[in-house]
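Notes for the one structure printed next.
Each value in this text was obtained by applying a stated rule to the coordinates, not by laboratory testing. Please read all numbers here as calculations on a predicted model, not as lab measurements. Please note: Cβ atoms are built from the backbone with ideal geometry, for glycine as well, and neighbour counts cover all protein chains shown.
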Amino acid sequence: MTAMNKRTYSLDELAKHVGGEVQGDGSIIISAVGTLSGAASHQISFLTNPKYKPQLKDTKAGAVILHESLKGDSPVAALIVANPHAAFALIAQLFDTTPAVASGIAETAVVAPSARIGSDVSLGHNVIIEENVVLGDRVTVGANTVIRKGTHIGEGCTIHPNVTIYHDVVIGKRVTIHSQTVIGAAGFGYANDKGVWIPIPQTGSVCIGDDSQIGASSSIDRGAMEDTILGTNVIIDNQVQIGHNCIIGDHSCICGATGIAGSCHIGKHVIIGGGVGINGHISICDNVQVTGYTMIVQDIKEPGVYSSGQPAQTNRDWRKNTVRLAKIGSLFDRVKALEKQV
């Protein structure tokens, strides 16, 4: 991949950027990305999902990113690569229209004298940086964000508005945290004495590895005594809860509305679908995929795809099947009794 920073590119230049092969006119100028069905002649699109292959023949895109197996199928110029989705991601970054944030500290930001602020840092309005916080170079902190005592944030991080980062959290380089997320709040630790809940101080912290992304309105609790840890290049969707003492391995992905109870150990390259529930103290090995709305109540020790629950069906069928399911135990007993009579 080559370094590029302009806003229009020939298809030949894009091919060099992602290590692909041009099929057709490499001089076509591309200035944006688009969908197969909606792209215009100045845009490049891509195809990975076979569901959308019928749209390829009618696309008005200037060029399409295709897998090697589809070479020759495009009615327009094509960029042939081994991984079209990854190539599209790299090209889309070239055309990112997210507004750049100028460096500087807003007048209403409050920065403790003991805080150490790197170069080219941007602090938005009403940001609060408490004592002994360390912000690396090129860190952006959006408006109304609070970063509490002793937290260290590595260079190139982007903290969006209205984020709360509690004390003594350690965040690596080039991490993005989206709005309304809370990092390092007290884990859910309580003892019960004769019906009365007694809070247990959560004296660990949270450590987040380089190049990780955390979506909006998610919560990562601090450890009870040891740290909650996210590895390198972990991506977290919106509205995800990660309990205290969890360890999430490198390059893992957790989709929205998933809840992970405390002290779980998730391996590397694990993909957890949306709405998944994981009981506390569960271990999941490397290279596991968990489909949406699965409930995990025991360790997963072998790589593979895991699921639970039922797909949607008509309400009438669901009612019938639920009644039948409730009778399985008695039907099993009847079958066993009949087998003994044979």
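Quick one: V169, V76, V196, fewest Cβ neighbours within 10 Å first, how do they rank?
Going from least to most buried by this count: V196, V76, V169.
5 Å is the cut-off here: which amide hydrogens, built 1.01 Å from N in the peptide plane, fall below it relative to V288, excluding neighbours closer than 5 in sequence?
The list, which skips near neighbours in sequence, is V270, I271, G304.
With Cβ to Cβ distances under 15 Å as the rule, what net charge do the other residues near D250 carry (K, R +1; D, E -1)?
0
So for segment 110-306: antiparallel DSSP bridges make up what percent, rounded to the nearest 5?
Of all bridge pairs located within segment 110-306, approximately 5 percent are antiparallel.
Given the C-alpha centroids of segment 160-226 and segment 38-56, what is the distance between them in whole angstrom?
For segment 160-226 versus segment 38-56, the Cα centre distance is 40 Å.
Where does the chain land at 222 nm, in deg cm²/dmol rounded to the nearest 500, when only DSSP H runs of n ≥ 4 count, each adding -39500 (n - 2.57), divided by all residues?
Computed mean residue ellipticity for the chain: -4000 deg cm²/dmol.
Given the C-alpha centroids of segment 233-264 and segment 76-112, what is the distance between them in whole angstrom?
24
Provide the packing ranking of 23-30, 136-143, i.e. peptides ordered by the mean count of other C-beta atoms within 10 Å per residue, highest first.
136-143, 23-30
Counting residues in segment 110-306 as N, plug N into 2.2 N^0.38 Å and put the Cα Rg over that result.
In units of the 2.2 N^0.38 Å rule of thumb, it is 1.03.
Farthest toward the dipole's positive end in the chain, which of H178, F332, S283, given Cβ charges of +1 (Lys, Arg) and -1 (Asp, Glu) about the Cα centre?
Farthest towards the positive end: F332.
Quick check on the exposure proxy: order K57, K340 from fewest to most C-beta atoms within 10 angstrom.
K340, K57
Which residue fluctuates most in the GNM of the chain (Cα springs below 10 Å): Q313, Q298, Q213?
For the chain, modelled as a Gaussian network with Cα springs under 10 Å, the answer is Q313.
Past 24 Å, Cα to Cα, is the threshold; run K268/K301; K16/K71; K6/K51 against it and keep the listed order.
With Cα atoms farther than 24 Å apart: K6/K51.
Using the C-alpha gyration tensor of the chain, what are the square roots of 5 times its eigenvalues, in whole angstrom, with the largest one first?
Three semi-axes, in Å: 40, 37, 16.
Where does each of Y9, Y306 land when they are ranked from fewest to most other beta-carbon atoms within 10 angstrom?
Y306, Y9
Using the Cα centre of segment 113-237 as the reference point, and only Cβ charges (+1 on K/R, -1 on D/E), how large is the resulting charge dipole? Debye, rounded to the nearest 20.
Magnitude of the dipole: close to 180 debye.
Would you mind telling me the antiparallel percentage of the DSSP bridges in the chain, rounded to 5?
That works out to approximately 10 percent antiparallel.
How large is log10 I(q)/I(0) at q = 0.12 Å⁻¹ when the Debye formula is applied to the Cα atoms of segment 1-58, each weighted equally and without solvent?
Computed log10 I(q)/I(0) values: -0.31.
Count the net charge of all other residues whose Cβ sits under 13 Å from the Cβ of G24, scoring Lys and Arg as +1 and Asp and Glu as -1.
In short, -3.
With springs only between Cα atoms under 10 Å, which of S205, S307, S122 fluctuates most in a Gaussian network model of the chain?
Of the options given, S307 has the highest mean-square fluctuation.
If you take every DSSP beta bridge fully contained in segment 9-95, what fraction is antiparallel? Give it as a percent rounded to 5.
35
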